[in-house]
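What follows is calculated from the coordinates using simple rules that are stated; it is not laboratory data. Since this is a predicted model, take the numbers as computed values, not measurements. In this analysis, Cβ positions are derived from the backbone assuming ideal geometry, glycine residues included, and neighbour counts consider all displayed protein chains.
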Amino acid sequence: MTGQGRLVLIEPRAAGHSPRVLAALATAAPGQAVAVVLGGTDRETATTVTRAGAWLVDRPVGPAARALWAAARATGTLAAAAIRTARACRLPRSARRVPHQVTLLARCLAEAAHLATARAVLAGERPGAVVVLTAGEALHHTAARLGRLPHLRFVHEVSTTPARWLRRLDRPGGPAVRALCPTGGVRAHVAANAPHLDAQVRPFAVIGPDAPVGEREREPARTAFGIPPSEQAVALVGGWWPHKDIPTIAAALARLNRPLHLLVAGHPLDADLLDRIRALRHVRLHLIDRRAEEPEIRAVHAAADLVLVSRHRGVAKESGLVTDAVRYQVPLLASDHDPQLTRTLAGCGWARLFTAGDPDDLVHALNTAHLNAPRRPGPDDVRALGLPTAQQQTAYLTDTYTRLTGEGDPT
């Protein structure tokens, strides 16, 4: 990015693998990145970002940003309280949806506060690109209009369908906006709710310079976890969000009649399901019940024979766990929840598939992989997934933003 404007990276939510992508993109643009993360980020990400010479902004800057941030926090608190009340009461479905619509409004206000902060920090300087790394599924134009800054926005999923009044509120016009959707399925969902929004398919995950785990790391990692060489170890990394099908995993583990080590690392988790798994006779649970740091994630992958991904059928969002599997070169066992991902993985040699929601088929896949292990993925498999490097992603974002804003005033 030499000679170009600053790369402004905005992260309003910091969920999943977005902090790692934030750090990778900042590192790929040394001395030129601005990371706007109001409310802060984890220590590991903050350290990586600042070491890359990036400007880390964790508080709103300017009166507009402060007002928007206060409004976002108040609206978010109201929405959370309304959701709790709705769950405790027997209300019609239309009434239960209202708090979730307010959540979409709160996210829009938070994005606008981040954009307004970026605008204040830039102080008239023309940016190379402005990118919201985890954007909401609604009010795209409204966020740009309130924040007064054109931007690219990664929309990872549509978990809440915006109501008609929200769609009417989000009228086109104002600063230019383009949505980047990691999968075709997500783009289809976004287009259905925002037909006038410019949306493209672009992977969010990037491949960094990290070396894959090797045999020299595997034995010490397995020894540290107490995993014998002959017993199977499976990694289940990341929070147990609603789109993940953890009950199918628990049901499958209950059907096993041989030893298996389950390496769980992430937050939030389901305490009841953890207790059920912990009580299983043949399963030994190794637990990191929080957002794991990079060395811990690496150790989990080093100890694992397989990375396990289980999602509900129809979930189309990008999986950071698939990226991690190929990045660390660990074989993958994934549900066939997404037709696009299934087509990509079918017959690849380093991944095995099981029927989404079918614990018996998962047991069969685990046993088959134990007797006949898949090969480890290599560099060719990274290319087959179509994942860019961090340098390629920053170049794409800068080029796309330049074409989005044209030669006019981007602010």
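What to note about this one:
- For the stretch 71-122 versus the stretch 333-372, the gap between their alpha-carbon centres in whole angstrom: 37 Å
- Between helix 246-255 and the chain: long-axis angle, C-alpha atoms, 0 to 90°, nearest 10: 0 degrees
- Take the Cα of residue 59, go 7 Å toward its beta carbon, and the backbone nitrogen atoms of the stretch 22-52 under 19 Å from that spot belong to 35-43, 46-47, 50.
- Local charge for residue 331 was computed over the other residues whose Cβ lies under 10 Å away, with Lys and Arg +1 and Asp and Glu -1, and equals +2.
- For the stretch 215-385: rounded, prolate or oblate by the Cα gyration tensor [a/c cutoff 1.5]: rounded
- Quarter of Cα convex hull surface for the stretch 52-192, i.e. mean projection, nm²: 9.8 nm²
- DSSP bridge orientation in the chain - percent antiparallel, rounded to nearest 5: 0 percent
- Global geometry of the stretch 129-197, whether rounded, prolate or oblate, following the gyration tensor of its Cα atoms and the 1.5 cut on a/c: oblate
- Net charge of Cβ neighbours under 15 Å - reference residue 169; Lys, Arg +1; Asp, Glu -1: +3
- Charge context of residue 131, other residues only, Cβ under 12 angstrom, K/R +1, D/E -1: +2
- Note on residue 364 and residue 83: the extension gain reaches 97.2 nm, defined as 0.36 nm multiplied by sequence separation minus the Cα-Cα distance.
- Only helical runs count toward this figure. For the chain, summing -39,500 (n - 2.57) over DSSP H runs of n ≥ 4 and dividing by all residues gives -14500 deg cm²/dmol at 222 nm.
- Which labelled figure in (i) 29.9, 96; (ii) 21.9, 66; (iii) 20.9, 67 is Rg and Dmax of the Cα atoms in Å, once derived from the coordinates: (ii)
- For the stretch 215-385, share of DSSP beta bridges that run antiparallel, in % to the nearest 5: 5 percent
- Remark: 180, 280 ranked as 280, 180, counting other beta-carbon atoms within 10 Å and listing the fewest first.
- Against the chain, whose longest principal axis is taken from its Cα atoms, helix 359-371 shows a tilt of about 70°.
- What the Cβ-Cβ distance of residue 90 and residue 375 gives, at R0 = 45 Å and to the nearest 0.05, is a FRET efficiency of 0.25.
- Distance between modelled label sites at residue 70 and residue 402, nm, 7 Å Cα→Cβ extension: 4.1 nm
- C-alpha center-to-center spacing [the stretch 251-281, the stretch 32-57] in angstrom: 35 Å
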